Each structure stands twice: as structure tokens, then as C-alpha cells.
């Protein structure tokens, strides 16, 4: 009896130690980001080796909002993220529903090619995207960028949602059909709610992805009032300009809502992430 | 002019032929299906109206323009624009063919239906069933078109560029033309020089190694922590859970830049702290020794990625049916046995496709390498190939494209990546349960 | 309702694609000079942007129908971006680019020749107009000249101790490092071909030949160059940091933090170092073993180019000429601290050092092959600094530049 109690205590202490060490590892660079954001210097090397060792100043934050277009960058990026997330959810889930519930020619090759398309690394293809957007008038438009993101999200996410929907029993469909519901009604009112975990997962991941993306906005957007956060913040850390502290401040402002959101929705995320796995 | 159709199913061939001649023809003429017929006919009319444009673009695609030194530059034809437009037009033609096939099939089905019912359907009924039948098409259409335009066309373009000489300094439009060169680029990169082939082999090998270890460490790191969090009876474990998810929540770019500076061998905080406490004598070359840099990259990636897998496996574990645990407990299994023989295998099996997805994602994981090391440190063949010690294939392609403007070589490498990886993906897909059971 | 909408949307998409396909970039003729004209100008941030905006206001005061619109495209990105944006019709009318991109820009057909070139040549510094001449024709309008020089921290090294030769510098650095642990007598961005070129310039050895136009030989692996780079490799003992750790930002930060006594960098760092509170001076570079004069650095001319895709080339050229005027050059100096491209007096304690070095600097070659130089030499410099075989590296570098 006493033995197993003792064992449990050691067990706990051991796990606790592991947790603390991992936490230190995890928090180490983050502490420096925060420290840099509030530190008076400009370059990263001027940040003290001891976090917050040089004192505390909010001047970078003030500068962001008064001297740069940070607010515009933030709102542009927010618009892009929300639109991408909404469109991806609609288009991917609709497509997944069709793949899941209907039989038609070329279904297998189509599914397979969607997966394979992901693999091709397309930097050269960006030139083509540039010209295509030019042709449809989407260059230097936020919606042009959204189109590109959504198209990129489709293959993997359609496949993911389709897998989940496969596990939803057809009897639900049958019952609804007997009641006289058409395809769209079944999709919208029956299947979607049941698939909520995976849809949530989809919404979250496609929302978070565009925030700090640099390469596509650099290619698509031109005007000063269309810049995104990544473009704006990165201009602080080019080779000639070494203003890491301002960069850190700007990134912190982005990270904080994300962190709060993640903390608050942990439970939801865990169940939805669990739904992302293949069900038996 | 209404032809009287025999409704015994014998005239299917006639229907097919008429439908194939002109979209919507058989709908209008034979089947009394006016609305649908007009819709199809209009589409074909639109296509015919635009056909001169279409034909000229196809011609441009083949010739890729000719030098026109007399014209001012604004008016000269641009080879690359021609290439892209040509591919776009091919996509449009493909779309048109798809609609054409749909129209023929629709005519056939309508005919069979009429034969069955022995009477022509009313327009309204026809429209309603059309909409119902159209749902799968409508559902797939946005994905299909988006993919076609923004993924397939750029991909085909990329592959095409591999067979051209689109590169600096002599072949950048519009001042110069770009020409088709067949397999010349492939020969250059693979046969050509020993340094390039050796460099390519080195980068490819490291890419595979990196993807393997990156996925492995993230997954098992996350799994390990998830198991500990679940099994331990520590009351404040939710606090730790929050801490562990932070790297995933903070934008990767920011963390990578910070790590890059922290791990700087000479000026970075990590080494300075270690030396301050006397733990090491000489600075550890985290990012300046090729081998150590590779290990560092994997470790930092694990820092960033284990949170995601922690959440994933936690979710999967909670989804495991409680009955299994009950049964095991009844059979007298202890905690470790339950873990090792039930939980872990189940979780592994259920998340396997995601692991493989993560592997393919890491093969193309640009950000994890680029922002931390930029491909550095340089190695022997870097002077020739521009590929550093930690460069994976995608970051190398980026350098070739953006810095050196050697679009053609970058495309060749991309094509080769694709050729190597595609079988993996196809194999993985075939192995999934749904495919095997044919119940796709 | 919903289904119908979806269906209709599906019908519209091909229509959009069709319509889009027909929309080719139109080529409008330039309107008469009195119509309101907006000129799009590309320039970097952090100084030049303010300058362009102020200059734009001054220009509009003179020519009320012309307004200047500033767009942020960094100096280094402009030459690459014009290749896509120009033909696409979304490019600028005037853009800033360093002169070494000239060959690339001309062979790409992206820029128009300078209007009134001969008149301009009498106004600007000779080095600037030569730098902007390609195949006998002049392109662009120089707005500032620059080179790099030796910065020294007056608190760490006395003016009397300033080394005149690289050997003296190495000796000083070794002594300094030994006496001040944690500080560096000398620091430089060793993996940057912009700076490491100085070690290859012993005894008149120049990249792409004396005039910078010899496309068949880079002279980067000539005997003189190899000797110089071997000296560079030996400098490692005076600055024992691996190349991967010694990036531009790290080196700049070390000098700004007062940890380094000497640094090689350019004008753009004058203001940041002043703001960091360093009391520093600027002098010419030391000379290589065997040479009497300071080693030859790259000199660069920053120029405004008229885009070949512009709808208003005449107005753009007028504005560019305006930027070269004495008044605007002084304004530019006041805002950005950059060396004017014309012969005018500017007030700055640091100018002396830069002007001194400018006498010995040579313009970066501007032939198209120059584009391949940077990446190849960056990597070769890093490898050499880390101890690789100098001859082999420079041979590989030469091969890479000339195109395998």
C-alpha cells in the first residue's frame, strides 16, 4: 500500500519536472519576443540578454499606430482571413458532400489528383497566377488574394471533410429525403451540423494561415492601402533596416488575440481536432 | 419542325448523334426540352463567337511569339503571357468539352426517361429535375473551377517552363522571346556538371531526411506530452496545456527570427548564457556547422510543431470508445498495458493519414527552414548551385527563382520532386480504407 | 432559391473567364501635356519616401497638372518587379534602381534612354554618368552616389592608431581582441560580395576587366585575386566568428552596441549609429599588401529610371531631371544623408571619409552577367572565410558567374 502511494508521488514529481523543463523550452524565445517588443533598443542584438533588463517602453507600439499604417494592415489581413475561412468552409464542405454522397464518373481519379496536386511546389507557377489575376482584374485586390488562398485550401480540406462525412450515417439522409428534402436542404440542415467538429477545424486552420503569409501578398498586392501585416512588418527587418523591436511589437499585437482565442477554445479545438482523425 | 420520335428506345443513337453535332440540338428538336436546349445552345454559340480568339491564343502557345525589335516595348508580344494565356485557353476548352459531354449525356438520359414514361415531360418538371440533378455539378463546380484556374494552370505552366529557356539574363520577355528547348534543361541539371548533380542529390537526400525526422519528432513529441497530460493526475495540467500550445499560436515567422538570433553562435543569447554559467567553453556552432545546423532545424521545428500533434492526439484519445477500456480493465490490464496495447495503436492508426500528410507537407515546408537559416551554412557546392547546407528542395527552388531568375531550372527541379513524390501519395491514397473497399 | 442561385453562378463563371481572356493590356497613347497627369514613382522607405513626397510637392508647385504618387518598392526589388508589373500595365512611370542593374534593365527592355544626356553629363559627377552608360547610351538620372568606407569607434580606437594597411588592421585587431575579451577590434559582413570584392582588387585587378564590360572573364580567380582572398581568409584569426554567424544585421548591431572598434559599411548606417549614441568617424579603407592606395570598393549610383511602359515618359523625364537639380539634391541630402550625384557642397562631418574613399572606388559593373555575381561570390566568400581552398572556390565562382 505504502509502496504504490510512494510510487505515485514519484511519478507525479517526475512528470512535473518534465512539464517544467518543456515549458521553459517552449517559453524561452517567446519571452524574448515580449521583451524585445517593450525594450528601448531597435535591433535584436541590442536587446539585453536578460529579458526586460533594459527597461520597459511602449514606444514601439505607439509608433506602430501613429507612424505606420498598422491599423490598415491589420484590417486588410483580417478581411482576407475571414473571407478565406468563410469561402473555404462553403466550397470545401459542399464539394466534400458531393464526393461523399454521390457516385459519378471519374470520381476516384478526381479525388486522387486533388491530393497529388498538393505536392507540386509552385514558385514558378506564381508567375502564372500573377498573369491570371491580371486577366481577371484581381491584381492588387484583396479578393484576388483570397481566391488564391481558397484554391490552395481546397484539395486537402475537401478530402478531410469528405472522410468525416463518410462516417455520418446515410440513414440521416434517407430520413430527410423521405420527408421531401432536396439535396441542398439535406446538406445545409442535416449534414453540416453533424459535421461541425471538422468544419470548425477547417474554419480555424484556414483562418490562421493567411495572417503572416508573405510571398503571395508580395506578388499580388501593390497599393499602399492594400498592404497586409506580413508585408508591413517584414519591412522592418530587411537587411538595411534593423528594427526588430518594432517587428516584435507588431507581431505581439497579432499573436495576442490568437493566443487568447486558443486558450478559450481549447476544449472545442481538441474535440474538433479529434474529428480530423480518421474515424473507425 | 417537330420530328416524331419513336418512344421505344430504338432511336438512342439518333439522339446521341444529334446532341453531338451541336449542343442542345437534340434537346430542342427531338425532346421538346426547350429551356435546357437553349441553355446548351447558347453556351456553344458563345464558344463559337470567341473561337478566333481561342485559335489565335493556341497558335501563340505553340510559337511563343517572335522578336519584334521595331515595335516599342509596350506593344510587343510577351512570350510568357502567351504561354499562360495559351494554357488558360486550353483550360477553357477543357471546360467546354466537359459541358458538351454533360449535354450529350443529358440528352441520352432524357430520352431514356421519356421512353420509360411514354410521354414528354413538361417544361416545369424538366426544370425541377434538372436542378436536382445539377446539384452535384453545382456543388463541385466552384472547387473544380478554382482548382482548374489557380492550381492546375499554374502547375501546367510550371511544367511547360521546364521545357523552355525562360531565365535571366538573355530570355526575359518582353524584350526577348522565350523558346521551347525540349529536354535541354534536364540534361543540364542531371547529366551536365558533376557539381550540380551532386548538389541536387545532396539537397534531395537532406529533404527526405528532414521531412522524416521533422514529422517523427513533432508527432511523438506531441503524443508523449498528450499521454502525460492525460494520464497524470497533476491538477494544474490545463495550465501546461495552454503553455504547450503557445508556439503553435504565435506566428511561425516571428519565432523563427527570434530563434535565429538566439542561436547565433557568437552573438546569440543561448551561447552567451551557457558560457556565462560556465557550462560550455567554446560557443556551440548551432547554425554555422552544417551537421549541427541540420539538427538544430529539426529541434526548432519540433518546438513549433509538437503542440499541433499534442492537440490532435489528445482529441483522438478522447474519441476512443470507453467500452474498449472497460473490457481491458475487466481483463485485468494495468495502465501501461492499456496504453501500449490499446490507446497507442489506435491513435497511431487513426492519425496515420495525417502523419503522411504532415510528411509531404514537411517536404515542402519552406518557412521552417528559410526563416531560421536561409539555407545556411554554405557548403562546398554552394558557390555553384546556390544551395546551402540546410536548404531543402523548395527553398533551393525559391533561390533559383527569385534571386537568380532561373525559372527554367527551378521548374525542372519542381517537376522532379513531383515525379518522386507522386507515387508516394498515390500509394498512400490507395491504401486508405475507403479506396480499398471501393466504397468511395 | 439557393439551388437556383448556385446554378446561375456556375453559369456565370465561364462567362467571366471568357470576358477576362479578351481583356488584353491596352496601349493608350500619351495624352496632351496639359491634361492632369499622375506619375507613379517607386522608391524605398526610410528616407527616400519622404524625399519623393516633398520633391513631388515642389514639382507640382511648378507644374500644377502633374501630381506625384509614391509607391513603396524597395531599391533592390524594383528591377525584378518591373519585369512583371511593366508588361502587366501596373508598373510605375519612374523607379529607383542601383546602377549595377542597368545591364539587366536594358536587355530586358524596361527602361528608356536619358533625355538630354549630354546636358545632364555636365551637371553630374563623372563617375555617375559613366555608371549609367551602357553600350554607349545613357539611361536613367543619377540621384545619389554611394560607397562604403571604414567606420571607427572613437572611444575604442584613436585616430592615430587608424590602420593604413590591412596588415596593420589585422595586427591591431588581434591585439585589441586579446586585451578586450568580448569585444572585437574589427568586424565586417564577411559573407557579402558587396564588401569582399575589395580583397580581389589588388594592383588594379577589376571585376569584368578595367572597364567592367569584359563578359568573358571575371578576373575573380586571377592570381592577384586569389592572393587577396587568401589574405582575407587569414583575417579570420583577427575576427574569429564563423560566416553563418556574421550577418549584416549582426555586424551592424555589434558596432552600434559599441562592441566593435572598426566596421566596414556605408552611408545608410550614419544615422542609425548616431542615434545609437556612438561617437564615430569615417575614413578610407586600408590598402592591400603591396598596394599604396586604399583598396578599391564598389561605388554605386542610385538612379531614377523612366519605365519603358510608362504612358507619360516625357513628364516622368522632366520630374527625374528636377530631382537632379541642386535644390533637390540638397533636400535629399538633408533627409537621407546620401551623397549627391552632382558637384555641390554638403555639410557633414562624415563626408570627408566617404569622398576620400570615392576617389579609389570603382563602379559596380552593370552588364547583365552582374546578376549572377552576387549569389556566387556571397557563397564563395562564406566558404573561403570558413577555410575552404581559395583557388577552387574562386574557380567555381568564376564558372557560376559566367553561366556554367
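Each value in this text was obtained by applying a stated rule to the coordinates, not by laboratory testing. This is a predicted model, so every value here is computed, not measured. Positions of Cβ are generated from backbone atoms using ideal geometry, with glycine treated the same way; all protein chains shown enter the neighbour counts.
For this structure, a couple of remarks:
- Between the helical axis of C:223-234 and the longest alpha-carbon principal axis of chain C there is an angle of about 70 degrees.
- Helix-only mean residue ellipticity at 222 nm for chain C, each DSSP H run of n ≥ 4 adding -39500 (n - 2.57), per residue, nearest 500: -13000 deg cm²/dmol
- Remark: mean inter-chain Cβ contacts per residue of C:81-89 equal 6, using a 10 Å Cβ-Cβ cutoff to other protein chain atoms.
- Residues C:71, B:300, B:101, sorted so that the one with the fewest Cβ neighbours within 10 Å comes first: B:101, C:71, B:300
- Three-way shape call for region C:274-404 based on the alpha-carbon gyration tensor, with the a/c threshold at 1.5: oblate
- Note: chain C, Cα convex hull, 201 Å³ per residue.
- Cα gyration tensor, region B:186-437 - rounded (a/c under 1.5), prolate or oblate: oblate
- The calculated FRET efficiency for residue A:189 paired with residue B:236, based on their beta-carbon distance and R0 = 45 Å, is about 0.60.
- Exercise: per-residue mean of other protein chain Cβ atoms within 10 Å, A:242-255: 3
- With contacts taken as Cα pairs under 8 Å at a separation of at least 6 residues, chain B carries a relative contact order of 16 percent.
- Most tightly packed first, judged by the mean number of other beta-carbon atoms within 10 Å of their residues, the peptides C:273-281, A:78-86, A:105-113 read A:78-86, C:273-281, A:105-113.
- Using C-alpha pairs below 8 Å separated by at least 6 residues, the relative contact order for region B:294-438 is 17 percent.
- Per-residue Cβ neighbour counts within 10 Å put B:215, B:316 in the sequence B:215, B:316, beginning with the fewest.
- Shape call, chain A: gyration tensor on alpha carbons, a/c limit 1.5: oblate
- Two-site FRET efficiency, residue C:119 against residue C:50, from Cβ-Cβ distance with R₀ of 30 Å, rounded to 0.05: 0.60
- P(r) weight above 46 Å for the protein assembly as shown, C-alpha pairs, percent: 39 percent
- Cα→Cβ-extended label distance, 7 Å offset, between residue C:171 and residue C:230, nm: 2.1 nm
- Relative contact order %, region B:12-161, counting alpha carbon pairs below 8 Å whose residues are six or more apart: 29 percent
- Note on residue B:63 and residue B:132: the extension gain reaches 20.3 nm, defined as 0.36 nm multiplied by sequence separation minus the Cα-Cα distance.
- Helix C:370-385 axis, angle to chain C major axis (alpha carbon atoms, nearest 10°): 30 degrees
- Using the Cβ-Cβ distance between residue B:20 and residue B:183 with R0 set to 30 Å, the FRET efficiency from 1/(1 + (r/R0)^6) comes to roughly 0.20.
- Label zone at residue A:223 (point 7 Å along Cα-to-Cβ), backbone N below 12 Å, region A:121-155: A:139-143
- Shielding by partners, peptide A:24-35 (average Cβ within 10 angstrom, other chains): 5
- Cβ crowding within 10 Å, taken as a proxy for footprinting-reagent exposure, orders A:20, B:243, B:127 from fewest neighbours to most as A:20, B:127, B:243.
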